[in-house]
Amino acid sequence: MSKQAKKMGNNSPHLSVVIPVYKAEDCLDELYGRLRVTLESISPDFEIVLVEDCGGDNSWPIIKRLAAADSRVRGIQFSRNFGQHYGITAGLNHCHGDWVVVMDCDLQDRPEEIPHLYAKALTGYDVVLARRGMRCDPLHKRMTSWLFYKIFSYLTDIKYDGESGNFRIISRKVVVNFRHMGEQLRFFGGLIQWMGFPTTSIDVVHDERFEGKSTYTFAKLWKLATETIIAHSDKPLRLAVRFGFLMAFISFCYGIYILGYALFYSSPIPGWSSLIVSLYFIGGIIISILGILGIYLGKTFDESKKRPLYIIRRATFDEPGAAD
């Protein structure tokens, strides 16, 4: 048993809060203060698991200071930047609560909403999502997010509410089952949705960022979107097959038309330019489909390596292979 657990009286906390941390030195003290006040209003038996994803700032020293001052704060630092959803995975692997809240570190997810999520969960739900009715994000981010979730829901056949981010509360049984899911491509919300536990949502207030700006660039969002869709669906492959059959059928019909025209009018059909354009179009489609196949094969190769999802460099509690 870890030193941290002993400090808690050998009992698992009732409530855990898991937070991936990236470039959050300006808001960690505010985050901790508001979380402590909010969680103590629910139960004194709680823990806050902060997973620092090597943002290159002073977040880790702050986490160490908070953990030294309050034994209910548990800090983890990765060996390098692995990504937000791997941070959530690490936090869920090291939390002990009967109920677990997952939230972002930038205080757009308000700690004061946790009691509402908790109260709703106690009515018989294993997952309660925080639905952001009015998002305090730039218009372009709201539009790209809406588009991603529409495409994601279509390609994966999973009905996913785009107004809900990572902020939610989940039961212990959800956490235990989540730990069995070891695929390399991680999308926390999609994995939870796939499990199918009783789920509901409540509307919450979505705040402005406490400090700084989002570190998700368009390139990062695009990479996350493509990897998430590939991880949860083979529908792009099935659509490619259908499109191939459609193109073959159109080509067959056009071939019949050319044959009939030549027989009835005894002359070939003019249109060298259109023929070349058609060849380039079909060639591009074939290359694109091969590219889709290549991506799936590449991800299958990555999964076959069985590498760890993340590597912990150090932690504020006993962690094998990690230094404080």
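The values are calculated or read from the model by the stated rules, or taken from the named source; none is laboratory data. Because the structure is a prediction, the values reported are computed rather than measured. Virtual Cβ from ideal backbone geometry, glycine too; neighbours counted across all protein chains shown. Please note that ligands, DNA and RNA were not included when accessible areas were found on the heavy atoms of the full protein model with its side chains. Shrake-Rupley method; radii C 1.70, N 1.55, O 1.52, S 1.80 Å.
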*State the number of residues belonging to the stretch 190-225 that are touching a strand residue (DSSP E or B) at 6+ places or on another chain (Cβ under 9 Å) and either among the acidic types (Asp, Glu) or at pLDDT 85 or above (or both).*
13
*How do the pairs read when you match residues in the stretch 20-46 that are outside any loop (DSSP other than H, G, I, E, B) with residues anywhere that are of a type in the set (Ser, Thr, Tyr), using Cβ under 9 Å and keeping only pairs 6 or more apart or on different chains?*
Pro20/Tyr86; Val21/Ser59; Leu28/Ser59; Phe46/Ser16
*How many residues are of a type outside the set (A, V, I, L, M) and outside any helix (DSSP H, G or I) if we restrict to the stretch 176-192?*
7
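For the stretch 96-112, name all the residues that are of a type in the set (A, V, I, L, M, F, W, C) and surrounded by fewer than 22 Cβ atoms within 10 Å (Cβ to Cβ).
Taking the stretch 96-112 first, the residues of a type in the set (A, V, I, L, M, F, W, C) are 99-103, 105, 107.
The one that is of a type in the set (A, V, I, L, M, F, W, C) and surrounded by fewer than 22 Cβ atoms within 10 Å (Cβ to Cβ): Leu107.
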*What tally of residues in the stretch 110-125 results from selecting those that are over 14 Å from Leu39 (Cβ atoms) and touching a residue at least 40 places away in the same chain (Cβ under 8 Å)?*
4
*In the stretch 125-137, is there at least one residue being crowded, with 20+ Cβ neighbours inside 10 Å, at pLDDT 95 or above and in a loop (DSSP other than H, G, I, E, B)?*
yes
*Could you check how many residues of the stretch 113-124 are outside any loop (DSSP other than H, G, I, E, B) and open to solvent by less than 60 Å² (accessible area, probe 1.4 Å)?*
7
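Where residues in the stretch 298-320 are among the charged types (D, E, K, R) and surrounded by 15 or more Cβ atoms within 10 Å (Cβ to Cβ), which of them is farthest from Phe78 (Cα to Cα)?
Of all residues in the stretch 298-320, those among the charged types (D, E, K, R) come to 299, 302-303, 305-307, 313-314, 318-319.
Pick out the ones that are also surrounded by 15 or more Cβ atoms within 10 Å (Cβ to Cβ) and you get 299, 313-314, 319.
Working: Lys299: 23, Arg313: 5, Arg314: 7, Glu319: 12 Å.
Looking at residues that are among the charged types (D, E, K, R) and surrounded by 15 or more Cβ atoms within 10 Å (Cβ to Cβ), I get Lys299.
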_Hey, Ile76 open to solvent by 10 Å² or more (accessible area, probe 1.4 Å), closer than 26 Å to Asn177 by Cα, among the aliphatic types (A, V, I, L, M) and over 18 Å from the mean Cα position of the chain (by Cα) or not_ = no
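Matching residues to (1) open to solvent by less than 40 Å² (accessible area, probe 1.4 Å); (2) in contact (Cβ under 8 Å) with a residue 24 or more places away in the chain; (3) farther than 21 Å from Ile170 by Cα:
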position	(1), (2), (3)
Val51	yes, yes, no
Gly56	no, yes, yes
Ser59	yes, yes, yes
Ala69	no, no, yes
Arg80	no, yes, yes
Gln84	no, yes, no
Thr89	yes, yes, no
His94	yes, yes, no
